[in-house]
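Taking it in order: structure first as structure tokens, then the write-up.
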Amino acid sequence: MEFILNREILSSHLDSLSRAVASRPIRPILNGVHFDLKDGLTLTATDMEFTVRSEIPEVKGDKSFVVDAKTINEIIKSLPDKEVKFSIDGQKLEILSGKSKFQIFIQDGAEFPDVKIPSDGIQFSMKRTQLYSMLERVAFSAATDENMKNLNGVYMEIEDGISRAVAVDGFRMALVEGKIDEKININFLLSLRAVKELLRVLSLTNVEDVNLKFENRQISFEFDNMIFICKIVDAEFPNYKRVIPDEFKTKIVVDRNELKSAVRRVSIITRSGSETIKFNIEKDKMKISSKSADLGEAEEIVDIQMEGEPIMIAFNPNFILDALNHTDEDKIQLSFVDSNKPLMIDTVDLKGYFFIIMPVRL
């Protein structure tokens, strides 16, 4: 049996599929990509937690096989011509392109696990730009330790026309919300790995809408002949609402770029593993300072608009910079309770997102 594919199209599909392949698979066949030729070509890769399935229409044939994901991906990327010819002879796949020829072993497609795609359950759609913005704006605040299952991801909930995305790592939190046309109530936790790959692919497409389906502890995202199927993380996300302060004693408005530049300069003096900068706020000035026994001292003065009481408080500068890098507005608002309580960073006109950062004890 033979079939022909465009190298660039196949390479783009394999690139996304390869990211779903398990690094330490429980079964050897999960090292591979499943090629299913029937009414077009369907490609599938999975680690049984995260699955990517894509379709290339108008490919003739009737065959199912599995080929090593890393090998096929590297071969296709390296080929010289746009047209790639495939032929199957027993347990070997022959790949021809220009003067290049490869023969690689394949496995029976019947051995590949049958991944169920949500088809019923709760179905709704979101604008691609909205979904991307929500996930991108909070994902940096998720814990990176995969053993912390309840924090190593992004929590999403939809309540009566409001969609919300939240990520926390125990030291900070990011929250963003927006309106959605669907009047449904649903919540789920996506792994950080799945979120990062979904963000990568969403950034490469111009599709307007993403269709979501939720069923049997799985959720799928469908767009551009591609389906991402994610198992919902089986862990309880913390009650994030408890860390949001009810009232504040001090509020300041500051130029975001000026604050970001000042924090970045002052943090030069801090040392890896013990990063701390101090905010000393009084009247219409904020002094930002750092001190290192090995390197010396740094200090910056930033103009602010202040309401409330003077305060002195310390933070990890990287957490401050991460929040500022995910804020668009020129003017931002910082709200404080006291030197031991979380800081809230949001926009002056409340654009629907904010960040919470725990202080470092002075």
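Hey, could you check the stretch 343-362 for residues that are within 16 Å of V138 (Cβ to Cβ) and outside any strand (DSSP E or B) and say which is least open to solvent (accessible area, probe 1.4 Å)?
For the stretch 343-362, the residue satisfying everything is G352.
Looking at the stretch 63-71, can you tell me whether even one residue there is surrounded by fewer than 18 Cβ atoms within 10 Å (Cβ to Cβ), without any contact (Cβ under 8 Å) to a residue 12 or more places away in the chain and not in a strand (DSSP E or B)?
Looking through the stretch 63-71, none of the residues is surrounded by fewer than 18 Cβ atoms within 10 Å (Cβ to Cβ), without any contact (Cβ under 8 Å) to a residue 12 or more places away in the chain and not in a strand (DSSP E or B).
Kindly indicate the residue of the stretch 1-37 that is of a type in the set (D, E, K, R) and open to solvent by 80 Å² or more (accessible area, probe 1.4 Å) and also nearest to the chain's Cα centre (by Cα) among those meeting that condition.
This residue is R19.
Checking the structure you have, find out if any residue of the stretch 124-132 is hydrophobic (A, V, I, L, M, F, W, C) and either within 23 Å of P25 (Cα to Cα) or touching a Lys or Arg at 6+ places or on another chain (Cβ under 7 Å) (or both).
no
Check off (1) of a type outside the set (F, W, Y); (2) surrounded by fewer than 16 Cβ atoms within 10 Å (Cβ to Cβ); (3) not in a loop (DSSP other than H, G, I, E, B) for I186 and give me the number that stays unchecked.
If we test I186 against (1) of a type outside the set (F, W, Y); (2) surrounded by fewer than 16 Cβ atoms within 10 Å (Cβ to Cβ); (3) not in a loop (DSSP other than H, G, I, E, B), just (2) comes out false.
Given the structure, is A143 part of a loop (DSSP other than H, G, I, E, B), within 30 Å of N31 (Cα to Cα), small (G, A, S) and without any contact (Cβ under 8 Å) to a residue 60 or more places away in the chain?
Yes, satisfied.
Taking the stretch 101-122 as the search range and keeping residues that are more than 21 Å from I72 (Cα to Cα) and in contact with a Lys or Arg (Cβ under 9 Å, 6 or more places away or on another chain), which one is most open to solvent (accessible area, probe 1.4 Å)?
Filtering first and then ranking leaves D120.
Can A139 be described as under 26 Å from the mean Cα position of the chain (by Cα) and over 21 Å from N211 (Cβ atoms)?
It is true that A139 is under 26 Å from the mean Cα position of the chain (by Cα) and over 21 Å from N211 (Cβ atoms).
Of all residues in the stretch 11-55, how many are touching a Ser or Thr at 6+ places or on another chain (Cβ under 6 Å) and either assigned to a loop (DSSP other than H, G, I, E, B) or more than 19 Å from E222 (Cα to Cα) (or both)?
1
If a residue has to be on the phi > 0 side of the Ramachandran plot and over 33 Å from the mean Cα position of the chain (by Cα) to count, how many in the stretch 270-308 make the cut?
The qualifying residues number 3.
Within the stretch 123-162, count every residue that is more than 24 Å from L204 (Cα to Cα), open to solvent by less than 60 Å² (accessible area, probe 1.4 Å) and of a type outside the set (S, T, N, Q).
Count: 6.
Specify the residue that is nearest to A45 (Cα to Cα); the eligible residues are those in the stretch 81-100 that are open to solvent by less than 80 Å² (accessible area, probe 1.4 Å) and in a loop (DSSP other than H, G, I, E, B).
Applying the filter and picking the extreme gives G90.
Within the stretch 282-310, count every residue that is out of contact with any Lys or Arg (no Cβ under 6 Å at 6 or more places or on another chain) and open to solvent by less than 20 Å² (accessible area, probe 1.4 Å).
Within the stretch 282-310, residues that are out of contact with any Lys or Arg (no Cβ under 6 Å at 6 or more places or on another chain) and open to solvent by less than 20 Å² (accessible area, probe 1.4 Å) number 5.
What tally of residues in the stretch 38-57 results from selecting those that are aliphatic (A, V, I, L, M) and either at pLDDT 95 or above or crowded, with 20+ Cβ neighbours inside 10 Å (or both)?
Counting residues in the stretch 38-57 that are aliphatic (A, V, I, L, M) and either at pLDDT 95 or above or crowded, with 20+ Cβ neighbours inside 10 Å (or both) gives 4.
Go over the candidates E275, E329 one by one and state the one that is open to solvent by less than 80 Å² (accessible area, probe 1.4 Å), part of a loop (DSSP other than H, G, I, E, B), closer than 30 Å to S163 by Cα and in contact (Cβ under 8 Å) with a residue 24 or more places away in the chain.
Unique residue meeting the criteria: E329.
Within the set of pairs 6+ apart or on separate chains, which have a first residue in the stretch 3-14 that is of a type in the set (G, A, S), a second that is at pLDDT 90 or above and outside any strand (DSSP E or B), and C-beta atoms under 8 Å apart?
S11/N73; S11/I76; S11/K77
The values are calculated or read from the model by the stated rules, or taken from the named source; none is laboratory data. Please read these numbers as outputs of a predicted model, since none were measured by experiment. Cβ sites come from the backbone with ideal geometry, for glycine too, and all protein chains shown count toward neighbours. Ligands, DNA and RNA are excluded from the accessible area calculation, which covers all protein heavy atoms including side chains. Shrake-Rupley method; radii C 1.70, N 1.55, O 1.52, S 1.80 Å.
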